[in-house]
Amino acid sequence: MRIWIVHQNAYAPPESAGTRHFELARRLIARGHDVLIVATSFYHKSKVETRLYDGESWARETILGVPYLWIKTPAYGNGALGRMWNWAVFMARIWRGTGLSEQAPPDVVVGSSPPLTSAFAARGLARKLRVPFVLEVRDLWPLTLLEVGGHSPRHPVIRGLAAMERSLYRSADRIISLLPAAEEWIRTVAPKAAPVTWIPNGVDLEAMYVSAASTGDATFDVVYAGAHGRANGLASIVDAAALMSGETDADGREIRFHFFGDGPEKGELKARAVRERVTNVHFHDPVPKTDIPGILAEADAFVVTLKHSPLYKYGMSLNKLFEYLAAGRPIVFGGDAVNDPVAEAGAGISVAPEDPRALAEAVRTLAALSGAERQAMCERGRVYARAHHDFDLLAVRFETVLEEARAGSKTDPISRPLARV
């Protein structure tokens with residue numbers, strides 16, 4: 001089966017971000033499929049062009065055996081208008097077939113959202129080629145923009161995105177959701193939407209494996225590695241650290257908190273820690289994805305938090321959480337999502353969101369455990385990750401959905417290529 005995956009902000013190693021489609025594509029290729037990931041060459045996290053030279057509108061690149069088609073889109077800074085223009089240009093260039101006319105036509109097109117415009121472009125491409133369209137919903141837009149971003153439902157952009165969302169749900173041949181309860185929302189928006197299959201984020205278990213925790217270091221290190229955005233609720237971790245200033249674990253080691261990653265909230269979090277003299281918090285620069293296992297190996301425990309929001313009644317699928325489970329350290333989770341892998345696995349302690357005192361008490365509890373008790377949590381987390389979030393298993397489920405879409409589609413596939421652009 002020839003598969004095109006259109007995800008505007010798809011990543012590839014060693015970028016310090018989620019590489020879901022790279023991992024799935026690598027395994028689908030190993031299973032005999034021909035996969036192409038279509039993405040922009042503009043890296044939206046660092047706001048820089050990463051792949052194309054001046055004068056190039058597109059280029060094909062194979063990274064560790066996975067083919068990518070990079071499409072040029074306009075650079076932008078922190079403004080919303082520039083970002084939306086970037087989305088619009090990517091969508092237009094997909095519709096025009098930029099770079100795609102040089103590729104063998106697909107049997108199925110996958111469009112991943114957000115942004116919704118990326119999936120909308122993929123649907124137009126599938127219709128043009130008369131092949132099945134599979135919609136992948138990584139996050140519920142524009143609901144997330146309303147619940148977390150605080151935008152008004154009456155804003156023209158939000159209304160436009162809502163109309164786009166309804167249209168995508170109604171027209172997809174199959175829908176994949178990363179959120180376990182997203183179908184409830186999807187059926188509310190489009191009661192006659194296609195079948196929905198839950199395929200969460202996953203982890204490369206072998207790449208993420210680290211050795212057993214050591215008690216020989218001078219500090220008990222609690223690590224957060226991930227995005228520093230509004231939805232992550234990281235202020236509660238800084239507040240918890242302030243409550244624990246000078247505290248030690250059962251072996252007399254000072255408890256310290258470490259933040260790895262980047263995002264719009266990082267500057268204010270760092271400034272707060274300095275302003276309030278929270279000396280047991282340390283902020284580090286982002287690291288390549290390939291360096292994450294080494295960072296996690298230095299930890300004694302992990303922490304991950306979410307802001308309180310009704311949005312999470314549809315679930316969550318955090319890359320970092322599955323990496324934590326696979327890496328094998330006890331986890332403190334602060335959130336109220338409908339699914340809680342930490343509690344389900346018995347791999348740590350879960351508390352209410354945005355509750356610094358509860359977070360601090362959970363860290364104290366882990367720090368007071370014996371090494372054997374913490375190691376038992378580690379092993380349970382690894383077993384859970386292997387059973388539910390191993391990319392080897394998820395790729396098979398992904399493949400099954402694509403095969404069902406191909407078998408059940410009402411479209412009549414054609415083999416003619418797109419017009420050259």
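The values are calculated or read from the model by the stated rules, or taken from the named source; none is laboratory data. What you are looking at is a predicted structure, and each value in this text was computed from that prediction instead of being measured. Note that each Cβ is placed from the backbone with ideal geometry, even for glycine, and that neighbours are counted across all protein chains shown. The area values use the complete protein model at the heavy-atom level, side chains included, leaving out ligands, DNA and RNA. Shrake-Rupley method; radii C 1.70, N 1.55, O 1.52, S 1.80 Å.
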Tabulated pairs, segment 185-207, first without any contact (Cβ under 8 Å) to a residue 40 or more places away in the chain, second outside any strand (DSSP E or B) and surrounded by fewer than 18 Cβ atoms within 10 Å (Cβ to Cβ), C-beta under 6 angstrom, 6+ apart or interchain:
Val189/Arg166; Ala190/Arg166; Ala190/Arg170; Trp198/Pro180
Regarding segment 141-148, can at least one residue be identified that is hydroxyl-bearing (Ser, Thr, Tyr), part of a helix (DSSP H, G or I), within 24 Å of the chain's Cα centre (by Cα) and within 20 Å of Tyr11 (Cα to Cα)?
no
Matching residues, segment 321-338, being open to solvent by 20 Å² or more (accessible area, probe 1.4 Å) and under 19 Å from Trp198 (Cβ atoms):
Val338
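Tell me yes or no: at least one residue of segment 103-125 is among the charged types (D, E, K, R), open to solvent by 10 Å² or more (accessible area, probe 1.4 Å) and touching a Gly at 6+ places or on another chain (Cβ under 9 Å). Step through it out loud before you land on a result.
Our first condition is that a residue be among the charged types (D, E, K, R); within segment 103-125, this holds for 107, 123.
Among the residues that remain, those that are also open to solvent by 10 Å² or more (accessible area, probe 1.4 Å) are: 107, 123.
Next cut, touching a Gly at 6+ places or on another chain (Cβ under 9 Å) only: 123.
Yes - at least one qualifying residue is present in segment 103-125.
What residue, of Glu268, Glu254, is at negative phi and either of a type in the set (Gly, Ala, Ser) or touching a residue at least 24 places away in the same chain (Cβ under 8 Å) (or both)? If you could, list the steps in order and put the result at the bottom.
Working: Glu268 fails: either of a type in the set (Gly, Ala, Ser) or touching a residue at least 24 places away in the same chain (Cβ under 8 Å) (or both).
Being at negative phi and either of a type in the set (Gly, Ala, Ser) or touching a residue at least 24 places away in the same chain (Cβ under 8 Å) (or both) holds for just one of Glu268, Glu254, which is Glu254.
Kindly provide the set of residues from segment 81-102 that are without any contact (Cβ under 8 Å) to a residue 40 or more places away in the chain and within 18 Å of Ile158 (Cα to Cα), ordered by number.
Our first condition is that a residue be without any contact (Cβ under 8 Å) to a residue 40 or more places away in the chain; within segment 81-102, this holds for 81-83, 85, 88-89, 91-92, 95.
Hits for segment 81-102 are Leu81, Gly82, Arg83, Trp85, Ala88, Met91.
Any residue in segment 64-71 that is of a type in the set (Ser, Thr, Tyr), open to solvent by less than 20 Å² (accessible area, probe 1.4 Å), farther than 24 Å from Ala162 by Cβ and at pLDDT 95 or above?
Looking only at segment 64-71, we keep the residues that are of a type in the set (Ser, Thr, Tyr), and these are 68.
Filter again for open to solvent by less than 20 Å² (accessible area, probe 1.4 Å), leaving 68.
From the residues that got through so far, the ones that are farther than 24 Å from Ala162 by Cβ too are 68.
Going one step further and asking which of them are at pLDDT 95 or above, we end up with 68.
For segment 64-71, residues of a type in the set (Ser, Thr, Tyr), open to solvent by less than 20 Å² (accessible area, probe 1.4 Å), farther than 24 Å from Ala162 by Cβ and at pLDDT 95 or above: present.
Only one of Leu321, Leu296 is free of Cβ contacts under 8 Å to residues at least 24 places away in the same chain and at negative phi. Can you tell me which? Walk me through how you get there before you give the answer.
On the way: Leu296 fails: free of Cβ contacts under 8 Å to residues at least 24 places away in the same chain.
Only one candidate qualifies: Leu321.
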Of the conditions (1) out of contact with any helix residue (DSSP H, G or I) (no Cβ under 8 Å at 6 or more places or on another chain); (2) under 29 Å from Asp390 (Cβ atoms), Arg83 clears all except one; give me its number.
(2)
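Say we look at segment 149-195 and pick out the residues that are part of a helix (DSSP H, G or I), over 22 Å from Val338 (Cβ atoms) and among the basic types (Lys, Arg); which of these is least open to solvent (accessible area, probe 1.4 Å)?
Step one: filter segment 149-195 for residues part of a helix (DSSP H, G or I), giving 156-171, 182-189.
Still in the list and also over 22 Å from Val338 (Cβ atoms): 156-164, 166-168, 170-171.
Filter once more, so that each one left must be among the basic types (Lys, Arg): 159, 166, 170.
On the way: Arg159: 142, Arg166: 90, Arg170: 156 Å².
Here the answer is Arg166.
Let's see how each residue does on (1) part of a loop (DSSP other than H, G, I, E, B); (2) surrounded by 18 or more Cβ atoms within 10 Å (Cβ to Cβ):
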residue	(1), (2)
Glu15	yes, yes
Ile29	no, no
Gly32	yes, no
Leu36	no, yes
Ala39	no, yes
Ser46	yes, no
Arg51	yes, yes
Glu56	yes, no
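Kindly provide the set of residues from segment 77-133 that are at negative phi, in a loop (DSSP other than H, G, I, E, B) and in contact with a strand residue (DSSP E or B) (Cβ under 8 Å, 6 or more places away or on another chain), ordered by number. Don't jump to the end; show me each part of the working.
Step one: of segment 77-133, the residues at negative phi are 77-96, 98, 100-129, 131-133.
If we keep only those that are in a loop (DSSP other than H, G, I, E, B) too, we end up with 77-79, 98, 103-107, 114-115, 131-132.
Those that are at negative phi, in a loop (DSSP other than H, G, I, E, B) and in contact with a strand residue (DSSP E or B) (Cβ under 8 Å, 6 or more places away or on another chain): Thr98, Gln103, Ala104, Pro105, Pro106, Asp107, Val131, Pro132.
Would you check if Phe333 is closer than 22 Å to Val287 by Cβ and among the aromatic types (Phe, Trp, Tyr)?
On the way: closer than 22 Å to Val287 by Cβ: no; among the aromatic types (Phe, Trp, Tyr): yes.
Considered against the rule, which asks whether it is closer than 22 Å to Val287 by Cβ and among the aromatic types (Phe, Trp, Tyr), Phe333 comes out as no.
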Kindly check whether there is at least one residue in segment 144-162 that is over 20 Å from Thr197 (Cα atoms), in contact with a Phe, Trp or Tyr (Cβ under 9 Å, 6 or more places away or on another chain) and polar (S, T, N, Q).
no
